[in-house]
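Notes for the one structure printed next.
Please treat every number below as a calculation from the coordinates, not as lab data. For clarity, every value in this text was computed on a predicted model and none was experimentally measured. Counting neighbours? That spans all protein chains shown, and the Cβs are built from the backbone with ideal geometry, glycine included.
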Amino acid sequence: MAGTGYNVELMENIEGNCPHSGGLQAAVVSGFWCPICEAHLDLEDVERWVRAAGEARDEAYLTVEGDKFARIVLEERQREVYRRRKVLYELRSAPPAVATRPEMILVSYDFAQDSYECRIFYKEPRPAWGLERISVEADLDPILELRSHSDPNVRLASGKVEEFHLLRRRLVEQDALPLLRRVFYQNEL
Ligand SMILES: [Zn+2]
């Protein structure tokens with residue numbers, strides 16, 4: 001969408017803060033957080049954030065008379081209202097974050113990038129905030145950094161990537177054929 005980046009800038013100017021353009025996720029302890037600015041919000045904050053977009057749109061209504069640029073602004077603000085409402089709706093209808101654990105984690109090694117790709121599979125319905133795919137350099141430090149990630153399932157997956165990494169390294173040292181992928185099922189998580 002061509003207008004999105006512009007739209008984001010616009011809302012930023014109005015509010016002087018992050019538009020949470022990547023959406024919001026359930027935080028580990030309580031409430032929600034934005035993965036871009038890392039702000040923590042409770043439900044009231046999110047509702048206020050939705051109302052702010054509505055007010056910005058209403059302001060744009062007042063200036064729209066016959067002005068083509070103003071009409072574009074109005075349309076973008078309207079889209080932002082819809083986007084924020086959708087975020088709020090999804091947060092309200094989502095089950096609590098801590099209860100949802102992955103069903104399966106697939107770790108595979110990417111030769112070209114010298115990295116691991118990790119895919120997290122959930123039983124339906126998949127949590128709205130759950131990351132499905134992480135990619136990490138095939139080195140112990142970046143893997144260990146994932147241990148402090150805010151998503152509990154990414155922290156869980158980082159342990160499996162570490163396990164896979166150490167196993168691959170051992171096989172390489174023994175001149176054995178290293179594994180390319182490994183599936184971890186729920187009973188191993
Ligand atoms: Zn944000």
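Listed values, structure above:
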{"quantity": "Around Arg92: net Lys/Arg minus Asp/Glu count, Cβ-Cβ under 13 Å", "calculated": "-1"}
{"quantity": "Sorted by Cβ neighbour density within 10 Å, fewest at the top, the residues His20, His40, His165", "calculated": "His40, His165, His20"}
{"quantity": "The stretch 54-92: GluC sites (Glu not before Pro) in DSSP loop, at most 14 other beta carbons within 10 Å", "calculated": "Glu65"}
{"quantity": "Angstrom value of the Kirkwood radius, inverse mean 1/r, which spans all Cα pairs in the stretch 99-188", "calculated": "13.4"}
{"quantity": "Environment charge at Arg77 (Cβ cut-off 10 Å; Lys +1, Arg +1, Asp -1, Glu -1)", "calculated": "-4"}
{"quantity": "Pair Glu145, Leu177: separation of 7 Å Cα→Cβ label points (nm)", "calculated": "3.4"}
